[in-house]
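Peer 1: The structure under discussion is supplied below as structure tokens; questions concerning it will follow.
Every number in this text was worked out from the coordinates using simple rules, so none of it is lab data. If you're wondering where the values come from, they're calculated on a predicted model, not measured in any experiment. Here the Cβ positions follow ideal geometry from the backbone for every residue, glycine too, while neighbour counts run over all protein chains shown.
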């Protein structure tokens, strides 16, 4: 029996079934995920610039985030669920913003299980990108309601664990922000004080 005939007889999963399985598993995974830590590489790419940064990230529901950029420049982004703080020690400046989880649409909140993928996005398999690992599935998400921050997202999802290994944010002007996550640890105990940012003495404080 030829391989092609065998496939016709036993059937193969359709693209829709594959996408649905991945998205449903992803949605369920992150709805149940209460906290995590990981190492990250962030790659920014525009027509004139390519920049790579790396560090550690911790997240905890509802809306708590801690990003510590370690290379090439020390930076911190901390969100306590009500406000966010962006601090670059060499600039001696802290930017403070109000954080309304019911209003903001930043794709990074995906990692905290915010939103419903099926309801908020048109979903398809991504075929132009190359996966980091063969066991991963690439999914393209185009928002049903236009977003100012991004045109579409690409998620690289481990097909066994349904953890996000890579999140790509593509902006309307073509800029691309790519977050690659590794050494992922699920549902770990992270004290709330980890997200309690103390403004250092002598820095300029800017509010938005």
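Peer 1: Check region 155-164 and report whether any residue there is without any contact (Cβ under 8 Å) to a residue 24 or more places away in the chain and more than 29 Å from residue 47 (Cβ to Cβ).
Peer 2: No, region 155-164 contains no residue that is without any contact (Cβ under 8 Å) to a residue 24 or more places away in the chain and more than 29 Å from residue 47 (Cβ to Cβ).
Peer 1: With 156, 149, 126, 119 as the choices, which residue is surrounded by 14 or more Cβ atoms within 10 Å (Cβ to Cβ) and closer than 26 Å to residue 62 by Cα?
Peer 2: 156
Peer 1: Let me ask something else about it. Specify which of the listed residues (191, 200) is over 18 Å from the mean Cα position of the chain (by Cα) and either surrounded by 10 or more Cβ atoms within 10 Å (Cβ to Cβ) or farther than 28 Å from residue 35 by Cβ (or both).
Peer 2: 200
Peer 1: Ok, one more. Sort out for me the strands (runs of 3 or more DSSP E) sitting completely within region 121-208 that have 1 or more residues that are within 17 Å of residue 25 (Cα to Cα) and in contact with a strand residue (DSSP E or B) (Cβ under 7 Å, 6 or more places away or on another chain).
Peer 2: Here the list reads 121-125, 136-143, 152-158, 164-170, 176-186.
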